[in-house]
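Worksheet: one structure, shown below.
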Amino acid sequence: MTQASPAACLLDVEGTTTPIDFVYRVLFPYARDRFLEFLTRHASDAAVADEVRGLGEEHRRDVAAGLRPPGWEDTPEGITAYALWLMDRDRKTTALKALQGRIWQVGFEARELQASVYDDVVRALARWQAAGRRIAIYSSGSVRAQQMLFAHTQAGDLTPRLSAYFDTTTGFKTEPDSYRKIAAALGQEPGAILFVSDVGAELDAALAAGLATALCSRTDTLPLAGKHRLITSFDQLS
């Protein structure tokens, strides 16, 4: 490890704890196919309406930036058209991620979805919890989506092993200040936290904030880790 015994471990999700295929071939299509139905049923809910307003603000920024999103219509159909446009661009919009998380929650609770988490991650969570380390998640997906994913895995409910969740409301994952905020929220010095991700730009930001880092590669072709320790399995992390 970059350091012998971190007090806390901070984990990315997509491509790190969970296969990318599960996110792109299961979760994203599930939300896409049900977005209009969900809005039709829940657009009047206060929390959903607030997130829709967030999409409206994002739309205004896109127009001001000279982009050409679908015209904004304050109807389930119009909102869905813009949301799908954002999804096509893999936009990490907080409001979009929150709405996706609500749709996934319905799917997990109905047992239409079951999350996939790598077996070596399941072992590491148990190992780190037994060692008294705090384990936190940091993902572009909403906190709700993170909680539902780890509560409904092939290995059962893993949330008792997790103590904190962070999403884009904390900040973007490529900004060092986001990791400083997370360290403060965890009550740890940055150097006492190990961040594991499959994205070099995220690890660069974490390293700039003072965190220890590990680049997790789940592919046959190993990337150049550069400043970060390269791992292919969480079994390599003590």
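Every number here is computed from the coordinates shown, using simple stated rules; none is lab data. Owing to the predicted nature of the structure, the values given are computational and were not obtained by experimental measurement. Neighbour counts are summed over all protein chains in view; Cβ atoms, including those assigned to glycine, are modelled from backbone coordinates with ideal geometry.
Divided by 2.2 N^0.38 Å, where N counts the residues, the Cα radius of gyration of region 23-109 comes to 1.02.
What net charge do the residues around Glu109 carry, taking every other residue with its C-beta under 14 Å from that of Glu109, with Lys and Arg at +1 and Asp and Glu at -1?
Numbers: positive: Arg34, Arg102, Arg111, Arg144; negative: Glu112, Asp157.
Once all neighbours under 14 Å are counted, the net charge is +2.
Using the Kyte-Doolittle scale, find the helices of the chain whose mean hydropathy is at least 0.0 and whose Cα atoms extend 20 Å or more along the helix's long axis, counting only whole DSSP H runs. Intermediate values should be presented prior to the final figure.
Numbers: long enough: 46-64 (27 Å, -0.60); 94-109 (22 Å, 0.09).
Long hydrophobic helices here: 94-109.
Around the amide H of Thr213, modelled in the peptide plane, lie the amide H atoms of Phe195, Arg229, all under 5 Å away and 5 or more residues distant in sequence or on another chain. 3J(HN,Hα) couplings calculated from phi for region 164-170 with the Karplus curve 6.51 cos²θ - 1.76 cosθ + 1.60 (θ = phi - 60°) are, in sequence order, 7, 9, 9, 9, 5, 5, 7 Hz; Gly and Pro show x. Taking all Cα pairs closer than 8 Å and separated by 6 or more residues, the relative contact order of the chain comes to 25 percent. Between region 190-208 and region 51-101, the alpha-carbon centres lie 29 Å apart.
Where is the GNM fluctuation largest for the chain (alpha-carbon springs, 10 angstrom cutoff): Leu96, Leu186, Leu67? Result: Leu67 has the largest fluctuation of those listed. Computed log10 I(q)/I(0) for the chain at 0.10, 0.13, 0.14 Å⁻¹: -0.49, -0.81, -0.92, from the Debye equation with unit scatterers placed on every C-alpha and solvent omitted.
Run lengths n ≥ 4 of DSSP H only: what is the helix-derived mean residue ellipticity at 222 nm for the chain, with -39500 (n - 2.57) per run over all residues, to the nearest 500? It would help to have the intermediate numbers written out before the result.
On the way: 8 runs with 104 residues, N = 238.
One gets -14000 deg cm²/dmol as the mean residue ellipticity at 222 nm.
Using a Gaussian network model on the chain with a 10 Å cutoff between Cα atoms, which of Thr213, Thr16, Thr40 fluctuates the most? The residue that fluctuates most here is Thr40. For the listed peptides 42-48, 147-153, 163-169, a ranking on the average number of other beta carbons within 10 Å per residue, highest first, reads 147-153, 163-169, 42-48.
How large is the dipole of the chain about the Cα centre if only Lys and Arg carry +1 and Asp and Glu carry -1, each at its Cβ, rounded to the nearest 20 debye? Display every interim value, and only then the final one.
On the way: 26 positive and 30 negative charges, 102 e Å.
The calculation lands at about 480 debye.
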